[in-house]
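Worksheet for the structure shown next.
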Ligand code: SF4
C-alpha cells in the first residue's frame, strides 16, 4: 500500500481560512509527505462554496447546525464540503486525513462550543465526522507522528 493523505489546505499556507490568516504547518513530516507525493489538499469550507474571508461559524450544541456569528445557517455549505472531501478520499483510496484541529469542519477532537466565546469542547467538525464514519482515520497537526507509524502498513 502507498497511502495518500487528505490534508487541510490551510496547512499549505493557502489563503482559505475564514479570517484570511495564513497558517502554514511547518513540519518535517509534512515536507517528506509532500516530496513523496502523498498529499491531497482540500479546504472543505471553500469547496462547499464559502468565500474568503467569511464569518466565523460554530456548531450549535443542541441542533448540530453550523451557524455564523451573525446568525446565518451555513450547514448546507459545510455538508457539501464534507461530501467533496469524502469523494476525494474515495477517488484516491485514502485511509488517513490530517485536518486542522478545532475547526468546525476539520476539528478531530475539539470544536468550539457554539457561543463564540472562544471556548473549546470535545467534538468533531462536520468533515471529520463524515470521514470517520466512512472508516478514514482523522489526525490533526498534533499527532502527525502517530500517523507516520501507520503509513503504508496493512
Ligand atoms: Fe483549514 Fe479546514 Fe478551515 Fe479550510 S475548513 S480553512 S482546511 S481548517
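Structure notes:
- When both region 26-44 and region 45-67 are represented by their alpha-carbon centers, they are found 25 Å apart.
- Choice from 22, 40, 94 showing the highest fluctuation, given a GNM over the chain with Cα pairs closer than 10 Å: 22
- Residues 96, 11, ranked from the fewest to the most other C-beta atoms within 10 Å, line up as 96, 11.
- Additional length obtainable on full extension of the chain from residue 15 to residue 31, 0.36 nm per residue less Cα span: 3.9 nm
- As a size descriptor, the averaged projected area of the C-alpha convex hull of the chain was calculated at 8.6 nm².
- Comparing 77, 134, 47 in a Gaussian network model of the chain where C-alpha atoms under 10 Å apart are linked, the largest mean-square fluctuation is found at 134.
- Antiparallel beta bridges, as assigned by DSSP with both residues in the chain, represent about 45 percent of the total such bridges.
- Between 0 and 90°, nearest 10: helix 75-91 axis offset from the chain longest Cα axis: 10
- Within the listed set 140, 63, 27, the residue fluctuating most in the Gaussian network model of the chain (springs between alpha-carbon atoms under 10 angstrom) is 63.
- Fully extending the segment from residue 134 to residue 51 would add 27.2 nm, taking 0.36 nm per residue of separation and subtracting the current Cα-Cα distance.
Every read-out reported here was derived from the displayed coordinates using simple, explicitly stated rules and does not represent laboratory data. Everything numeric in this text was worked out from a predicted model, so none of it was measured. Positions of Cβ are generated from backbone atoms using ideal geometry, with glycine treated the same way; all protein chains shown enter the neighbour counts.
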